[in-house]
Amino acid sequence: MMTFQEMIDSIESLTIEDQDHLFELIRKRRIEARRAEIAANAQEVFKAVEMGTAKRGTFEDLKSYLLENDDE
């Protein structure tokens, strides 16, 4: 496996155009990974709502709930 410095050196040896292409590719993959993470979180919430285990209420309700449990 390459060290982080070796990766940087390899990237710096690429042409500017290839570096730009690589950075754009990485950016797009990070966006897609974040979308997948958000979708997975949403599925968990939907499942919790469906099972009746999700907490509902206002921000103040949630704040009170969290602070109440913090005192124990």
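Going through segment 32-61 one residue at a time, which ones are of a type outside the set (Lys, Arg) and outside any helix (DSSP H, G or I)?
Applying the first criterion (of a type outside the set (Lys, Arg)) to segment 32-61 yields 32-33, 36-46, 48-54, 57-61.
If the condition is that a residue be of a type outside the set (Lys, Arg) and outside any helix (DSSP H, G or I), then Gly52, Thr53, Ala54, Gly57, Thr58 are the ones that fit.
Is there a residue in segment 9-23 that is surrounded by 10 or more Cβ atoms within 10 Å (Cβ to Cβ), hydrophobic (A, V, I, L, M, F, W, C), on the phi < 0 side of the Ramachandran plot and at pLDDT below 95? Steps first, answer last, please.
Step one: of segment 9-23, the residues surrounded by 10 or more Cβ atoms within 10 Å (Cβ to Cβ) are 9-11, 14, 18-23.
Imposing the further condition that a residue be hydrophobic (A, V, I, L, M, F, W, C) reduces the set to 11, 14, 22-23.
Filter again for on the phi < 0 side of the Ramachandran plot, leaving 11, 14, 22-23.
So of that shortlist, the ones also at pLDDT below 95 come out as none.
No, segment 9-23 has no match at all.
Is there a residue being within 21 Å of the chain's Cα centre (by Cα) and aliphatic (A, V, I, L, M) anywhere in segment 9-19? Walk me through how you get there before you give the answer.
Applying the first criterion (within 21 Å of the chain's Cα centre (by Cα)) to segment 9-19 yields none.
Checked segment 9-19: no residue is within 21 Å of the chain's Cα centre (by Cα) and aliphatic (A, V, I, L, M).
The values are calculated or read from the model by the stated rules, or taken from the named source; none is laboratory data. Just so it is clear, the model here is predicted, and its values are computed rather than measured. Cβ sites come from the backbone with ideal geometry, for glycine too, and all protein chains shown count toward neighbours.
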